[in-house]
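The values are calculated or read from the model by the stated rules, or taken from the named source; none is laboratory data. Because the structure is predicted, anything quoted here is derived from the model rather than measured. In this analysis, Cβ positions are derived from the backbone assuming ideal geometry, glycine residues included, and neighbour counts consider all displayed protein chains. Surface accessibility is based on the protein's heavy atoms, side chains included, excluding ligands, DNA and RNA. Shrake-Rupley method; radii C 1.70, N 1.55, O 1.52, S 1.80 Å.
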Amino acid sequence: MIVEEAGGRVTDFDGQPLDFAGGVERAANRGIVAGTITTHEQAIRALSTDAKAT
C-alpha cells in the first residue's frame, strides 16, 4: 500500500494483482515485484525474459 500511495506499482512476477484471499501463501500469485512504474515494468520484462530462457 505504501508503494502504491507513493506512485509505484506492486504485482506478482506475472504483473497480476496480489491476491490475499488465499492466505499468507498467496497461492494465486508467483512472487512479488514492487517499485516505481519504470523499475516495475523493467523487472516484469526481465522476469518474463528470464523465465522463457530457462
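So here's what we get for this one:
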item	result
Added length on full extension, which subtracts the Cα-Cα distance from 0.36 nm per residue, Glu41 to Leu18	6.7 nm
Amide H contacts of Gly35 (H built 1.01 Å from N, under 5 Å, at least 5 apart or other chain)	Arg9
Probe 1.4 Å, all protein chains present, accessible-area order of Arg26, Arg9, largest first	Arg9, Arg26
Signed unit charges on C-beta, dipole axis of the chain, positive-most listed residue Pro17, Thr38, Ser48	Ser48
Accessible surface of Glu41 - all protein chains present, 1.4 Å probe, nearest 10 Å²	80
Sequence-distant residues sharing a close amide H with Asp14 (under 5 Å, placed H)	Arg30
3J(HN,Hα) from dihedral phi, region 6-21, Karplus parametrisation 6.51/-1.76/1.60, rounded to Hz, x for glycine, proline	8, x, x, 9, 10, 8, 8, 4, 8, x, 8, x, 6, 10, 8, 5
From the coordinates shown, Kirkwood radius over Cα pairs in Å corresponds to which of (1) 14.7; (2) 11.6; (3) 12.5	(2)
